[in-house]
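Please read the structure below before turning to the comments.
The values are calculated or read from the model by the stated rules, or taken from the named source; none is laboratory data. Since the model is a prediction, treat every value here as computed from it, not as a measurement. Cβ: placed from backbone, ideal geometry, glycine included. Neighbour counts: every protein chain shown.
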Amino acid sequence: MIRTRIIGTGRCLPDKVVTNTDLEHLMDTSDEWIRQRTGIVQRHMAEPGTGPSDLGAVAAKRALDAAGVSPSEVDFIICATITPDYLFPATACVMQHKLGIKNSGAMDINAACSGFLYGLQIADAFIRGGTHRTVLVVGAEVLTARLDFTNRNTAILFGDGSGAAVLRADFTGRGVLSTYTNADGSAGDILCIPAGGTKQIITPDNVNEAEMTVIMDGRALYKRAVLAFGEATQKALEPTGLKASDITWFLPHQANQRIIESAVERLGVPSEKVYLNLDRVANTSAASIPIALDEMVERDLLHEGDLVLMASFGAGLTWAGAMVRW
Ligand code: UT7
């Protein structure tokens, strides 16, 4: 039976680290509040002028090297991002050029923090459908460029980075066992950047008032996130016939430790099976899951046959889940 296997991973985090204490100088917040309410201690921040394509290309190259796959073997590139280099062309096309890849499809998807799992579902359909053999899925974000560093509601939560995975057709029984995606566009205003798209073009006249940075109703999102995690995990498990007790690792989108703890409690998974890195990287949206996955690989936490349940939620609203046999 044909399956989609993750054969290589990579990540790229900017060198610059911004701690909670650094943020205390910019806004009315405290290290203690941020740690207690979110679990975040620090985040990485890209230099001005850095695009997600810059971080994404490095992560993708590392994933290709880890997989032992040459750029010429890549059939399709999916870049999940909500902070694209440009409105168009797609960041995936920019990355294709940076990676020296020719003769591949390339497109972006905007599913916010669920972007990587949306990308995984698309790649899985391409590979199992037989039209593509090798697909690169990259989550890449430079969210700090889209934050108002005087707004403590949002600026404390996000960081920059990229994670990538090389996916390939496999016949050994390993790979993606299920994927699940869902969305609720009626709640789009809970987390968004209203201005800068075509609906609200930024002009010299409105530039001072236009909402060009992330706005969020944190409490509303928190409640939705806990429910979304529950649905995503259940729907990812269902088609596999597996139970939560069967899984080796739960890899959640790294948004808030309290949200993850609620989800884990509902799922009934012991905390030692949950992978967390949000203390070090904060919420990197579409890059969150592939960055964590690459860390797990580097730490030799994933072994053949391990069952990994992934789940995410984010702006859109979107939410998603996936079960993978490593
Ligand atoms: O990928 C999806 C991305 N977004 C999320 O996952 C966000 C989901 N939501 C959350 O993570 C939480 O709602 C937050 C971390 C954003 C906020 O935590 P909370 O426990 O829901 O706090 P709150 O908004 O209810 O605020 C509690 C208090 C308020 O003060 P008062 O009204 O009680 O006096 C806030 O003004 O904390 C205050 N506050 C802060 N204080 C210090 C809010 N932000 C901060 C801050 N530092 N950064």
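Can we say Arg35 is within 16 Å of the ligand (Cβ to nearest atom), out of contact with any strand residue (DSSP E or B) (no Cβ under 7 Å at 6 or more places or on another chain) and at pLDDT 95 or above?
Yes: the conditions hold for Arg35.
What residue, of Glu238, Glu295, Glu261, Glu272, is part of a helix (DSSP H, G or I), more than 11 Å from the ligand (Cβ to nearest atom), within 14 Å of the chain's Cα centre (by Cα) and of a type in the set (Asp, Glu)?
Step by step, each of Glu238, Glu295, Glu261, Glu272 is checked, and only Glu295 is part of a helix (DSSP H, G or I), more than 11 Å from the ligand (Cβ to nearest atom), within 14 Å of the chain's Cα centre (by Cα) and of a type in the set (Asp, Glu).
Which numbered condition trips up Phe149, out of (1) away from the ligand (no atom under 16 Å from the Cβ); (2) part of a loop (DSSP other than H, G, I, E, B)?
Just one mismatch for Phe149, condition (1).
Quick grid of which residues meet (1) at pLDDT 95 or above; (2) at positive phi; (3) crowded, with 22+ Cβ neighbours inside 10 Å; (4) over 11 Å from the mean Cα position of the chain (by Cα):
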{"residue": "Cys93", "(1), (2), (3), (4)": "yes, no, no, yes"}
{"residue": "Ala111", "(1), (2), (3), (4)": "yes, no, yes, no"}
{"residue": "Phe126", "(1), (2), (3), (4)": "yes, no, no, yes"}
{"residue": "His132", "(1), (2), (3), (4)": "yes, no, no, yes"}
{"residue": "Val142", "(1), (2), (3), (4)": "yes, no, yes, yes"}
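Would you confirm whether any residue within segment 216-227 is free of Cβ contacts under 8 Å to residues at least 60 places away in the same chain and away from the ligand (no atom under 16 Å from the Cβ)?
no
Just to be sure before I move on: is Trp319 more than 14 Å from the ligand (Cβ to nearest atom), touching a residue at least 24 places away in the same chain (Cβ under 8 Å) and aromatic (Phe, Trp, Tyr) in the structure I sent?
No.
Kindly check whether there is at least one residue in segment 199-208 that is modelled with pLDDT of 95 or more and of a type in the set (Ser, Thr, Tyr).
No, segment 199-208 contains no residue that is modelled with pLDDT of 95 or more and of a type in the set (Ser, Thr, Tyr).
Restricting attention to segment 232-247, and to residues there that are crowded, with 17+ Cβ neighbours inside 10 Å and not hydrophobic (A, V, I, L, M, F, W, C), which single residue is nearest to Glu261 (Cα to Cα)?
The extreme case among them is Thr233.
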